[in-house]
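Okay, so here's the structure we're looking at.
A short reminder: the numbers here are calculations on the coordinates, not readings from a lab. Remember, it's a predicted structure, so these values are computed and weren't measured experimentally. Positions of Cβ are backbone-derived with ideal geometry, glycine not excepted, and every protein chain shown enters the neighbour counts.
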Amino acid sequence: MSALVLASASARRGELLARLGIGFEVVPANLDERVAPGEAPAAYAERMARAKAAAVAPSRPDAWVVGADTVVALQDAILGKPENAAQARAMLEALAGRTHHVITGYCLRRGASEHVRVVTTEVDVAPLDAREIEAYVGSGEWRDKAGGYAIQGVFGYAVRAVRGSYTNVVGLPLAEVVADLRRLGALPGFPYELGR
């Protein structure tokens with residue numbers, strides 16, 4: 001068993017952690033992820049991160065469990081994962097030509113020890129005409145993506161600026177997560193043992 005567990009089925013989070021060359025285990029937390037009435041985006045992201053870590057931690061008492069949740073927020077509205085092309089189209093129309101926030105809450109938990117942080121990144125999207133939006137919706141890249149887009153994919157051409165963590169927009173703010181894991185002693189030898 002690994003000393004680090006990712007409590008998420010997100011392929012993007014797994015890919016980001018894998019790039020670091022550190023060993024980890026994936027144990028998805030199956031939770032009700034509905035937004036509570038009136039819940040603010042940052043509060044929702046933090047609540048879900050805590051819940052994911054708490055759901056998995058009892059089965060891995062000796063490991064650091066990483067629970068995380070990423071939301072796209074336009075003002076106070078949470079843009080979740082679109083369920084169909086119509087929802088994806090509506091989200092892209094709302095984001096086009098505007099600045100929005102990508103917010104990730106993450107929780108590092110081992111036994112009763114818990115560390116929680118919320119990281120916010122500002123993203124500027126270029127104006128998009130109807131043909132561009134239709135082409136992107138037709139690509140299917142929006143599926144299973146908060147806000148209906150993937151910055152690391154084709155949609156990257158439409159992103160004019162990113163202020164803050166780029167990897168946060170992908171799904172996990174690596175600089176912050178790694179710094180906290182190192183401070184907690186969860187990554188002994190990192191990054192000094194890279195390539196060994």
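In order along the range 73-84, phi translates into HN-Hα couplings of 10, 10, 6, 9, 8, 8, 9, x, 7, x, 8, 7 Hz, rounded to whole numbers, per the Karplus curve 6.51 cos²θ - 1.76 cosθ + 1.60 with θ = phi - 60° and x for Gly and Pro. Here the ratio of the Cα radius of gyration of the chain to 2.2 N^0.38 Å is 1.05.
Taking all Cα-Cα distances within the range 3-106, those exceeding 18 Å account for 54%. Here each label is just a point 7 Å from Cα along the line to Cβ, and for T99 and L31 those points are 3.0 nm apart. For A77 and A112, the FRET efficiency from 1/(1 + (r/R0)^6), where r spans their Cβ atoms and R0 equals 45 Å, is about 0.80. Applied to the range 138-154, the Karplus parametrisation 6.51 cos²θ - 1.76 cosθ + 1.60 on θ = phi - 60° returns per-residue 3J(HN,Hα) values of x, 5, x, 5, 5, 4, 6, 10, 4, x, x, 8, 10, 5, 7, x, 4 Hz, with x for Gly and Pro. Normalising the average separation of contacting C-alpha pairs (under 8 angstrom, six or more residues apart) by the number of residues puts the relative contact order of the chain at 21 percent. The C-alpha radius of gyration of the range 51-135, expressed as a fraction of 2.2 N^0.38 Å, stands at 1.45. Using Cβ point charges alone (K and R +1, D and E -1), the dipole size of the range 4-183 about the Cα centre works out to roughly 440 debye. Among beta bridges identified by DSSP and lying wholly in the chain, the antiparallel ones come to about 85 percent. The HN-Hα couplings worked out from phi for the range 9-15 by the Karplus form 6.51 cos²θ - 1.76 cosθ + 1.60 (θ = phi - 60°) are 8, 5, 5, 5, 5, x, 5 Hz, whole numbers, x standing for Gly and Pro.
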